[in-house]
1. Over every pair of different alpha-carbon atoms in region 3-89, take the mean of 1/r and invert it; report that Kirkwood radius in Å.
2. I need to check one value: relative contact order of the chain, counting alpha carbon pairs closer than 8 Å and at least 6 residues apart, in percent.
3. If packing is taken as the average count of other Cβ atoms within 10 Å, what order do 13-26, 128-141 fall into, highest mean first?
4. Is the shape of the chain best called rounded, prolate or oblate, per the rule: a/c under 1.5 gives rounded, else a/b larger than b/c gives prolate, else oblate, with a ≥ b ≥ c the square roots of the Cα gyration tensor eigenvalues?
5. Relative contact order of region 3-89: what whole-number percent is it, with Cα pairs under 8 angstrom and at least 6 residues apart?
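Taken together, the values in this text are just the output of simple stated rules run on the coordinates, not laboratory data. All values derive from a computational prediction rather than experimental measurement. Cβ placement follows ideal geometry from the backbone for every residue including glycine, while neighbour counts extend to all protein chains displayed.
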């Protein structure tokens, strides 16, 4: 498996690093002796441990306890097999929370012209993924309508005239919120895909370190 994990001793508030060697289903999880910085950490039997790691595109988390240790032939720690495993699949749910100003029109437009106009149809992109977004927009749209969306992405690139179709509508006192599904027939979605992939890698790294 060779998955690097973070081990947390909540009682002592100590964060350690280790690596999963293997497991026996419903019996135990076997890890290398954890280290804190450069120092090996000895864990007492029945110590409660919180495990976090990333494996195969999933963030994994579970609580366990120490059931034993060995020194020969390798330094290993045996943990109780988790009764509950929390997962979050970034490959399946490639979605980030964001707040970006964007323009929306029913026909293709020129982004530079809209940027200069105070009366341009502005909205806000939220909950962005490689396949769509939540688009908060003052103007009224209906399910099935096409919309062309353009914006400047936080990484400095631009997404221009991305074609989407309204798949769901929510209206409240604050305005309209639309679930938009992107369609690549209008042009490349490479800019959005690169930004989402980069953001998810950063989030994955932060989750593993937290």
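1. In region 3-89 this quantity evaluates to 13.0 Å.
2. Averaging sequence separation for qualifying contacts and normalising by length gives 14 percent for the chain.
3. So the order, starting with the most tightly packed, is 128-141, 13-26.
4. Prolate, since a/c reaches 1.5 and a/b exceeds b/c.
5. Worked out over region 3-89, it gives 27 percent.
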